[in-house]
Amino acid sequence: AQKITQTQPGMFVQEKEAVTLDCTYDTSDQSYGLFWYKQPSSGEMIFLIYQGSYDEQNATEGRYSLNFQKARKSANLVISASQLGDSAMYFCAMREALTGFQKLVFGTGTRLLVSP
Amino acid sequence: GAVVSQHPSWVICKSGTSVKIECRSLDFQATTMFWYRQFPKQSLMLMATSNEGSKATYEQGVEKDKFLINHASLTLSTLTVTSAHPEDSSFYICSAQPRQGSRETQYFGPGTRLLVL
């Protein structure tokens, strides 16, 4: 069964608008971590934000915030005030069992295009 | 901080040759490094996990003899694609896990694009 699901292959947003990228996950672990990464056309993976399963508050990092709804197993990324440079692929990832090898499992990604 | 480098960034080789890709953590020690493969317009697929001083753990379906991984030190892991064929052409990305901090993200290298002719 797929562990990370990103149902939006592509999203369009106008500059300065906010956009939400969806991510749902599946795990039986109580302890896990959720990550969002940005991958521009250059290929590098840029870490954006992290949410731990026991974190009581939603994570925020500058213009990025994570809408964590544990009961629904969703971890949507919200980008406020979109900029042209935000155009990229965005991947949601999960790490189960916060000890050991700490493998990341990635979703299929969402391509975001920000228009002027 | 937390910079990971990869070398080379681009490699074109003939079918049948072997290619070595280096992954270095520049400003931290990494107990664990990961190697991913990404085909165009697809997600990252974990190939193997390597721990310093021990054998790599390969994901199901990844040929150990085809993709040799060596993690010789806390700052260097290498991936060797042996007897490369055109179907091995892909984008290879490594990441490194800092020794401390379970909340720490993996830090990714810039990737290596391999084209096998």
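The values are calculated or read from the model by the stated rules, or taken from the named source; none is laboratory data. None of these values were measured; they are calculated from a predicted model. Here Cβ is always computed from backbone atoms with ideal geometry, including for glycine, and neighbour counts include all displayed protein chains.
Which strands (runs of 3 or more DSSP E) sit wholly inside region B:59-117 and have at least 2 residues that are of a type in the set (S, T, N, Q), within 9 Å of another protein chain (Cβ to nearest Cβ) and under 21 Å from residue B:44 (Cβ atoms)?
Numbers: elements: B:67-73, B:76-81, B:90-98, B:112-116.
Filter on region B:59-117 gives B:90-98.
What pairs come up if the first residue lies in region A:101-116 and is at positive phi, the second is buried (at least 17 other Cβ atoms within 10 Å of the Cβ) and at pLDDT 95 or above, and their beta carbons are under 7 Å apart, counting only those six or more places apart or on different chains?
From region A:101-116, the pairs are A:109/A:6; A:109/A:89; A:109/A:90; A:109/A:91.
Out of (1) surrounded by fewer than 18 Cβ atoms within 10 Å (Cβ to Cβ); (2) within 14 Å of the chain's Cα centre (by Cα); (3) within 14 Å of another protein chain (Cβ to nearest Cβ); (4) more than 28 Å from residue B:56 (Cα to Cα), the odd one out for residue A:59 is which?
Of (1) surrounded by fewer than 18 Cβ atoms within 10 Å (Cβ to Cβ); (2) within 14 Å of the chain's Cα centre (by Cα); (3) within 14 Å of another protein chain (Cβ to nearest Cβ); (4) more than 28 Å from residue B:56 (Cα to Cα), only one is false for residue A:59: (1).
Would you pick out the residues in region A:34-61 that are in contact with a Ser or Thr (Cβ under 7 Å, 6 or more places away or on another chain) and part of a strand (DSSP E or B)?
Passing the criteria: A:35, A:47, A:50.
Conditions tested, residue by residue: (1) more than 10 Å from chain B (Cβ to nearest Cβ); (2) out of contact with any Lys or Arg (no Cβ under 9 Å at 6 or more places or on another chain); (3) under 14 Å from residue A:94 (Cβ atoms).
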| site | (1), (2), (3) |
| --- | --- |
| A:3 | yes, yes, yes |
| A:13 | yes, yes, no |
| A:25 | yes, no, yes |
| A:29 | yes, yes, yes |
| A:46 | no, no, no |
| A:54 | yes, yes, no |
| A:75 | yes, yes, yes |
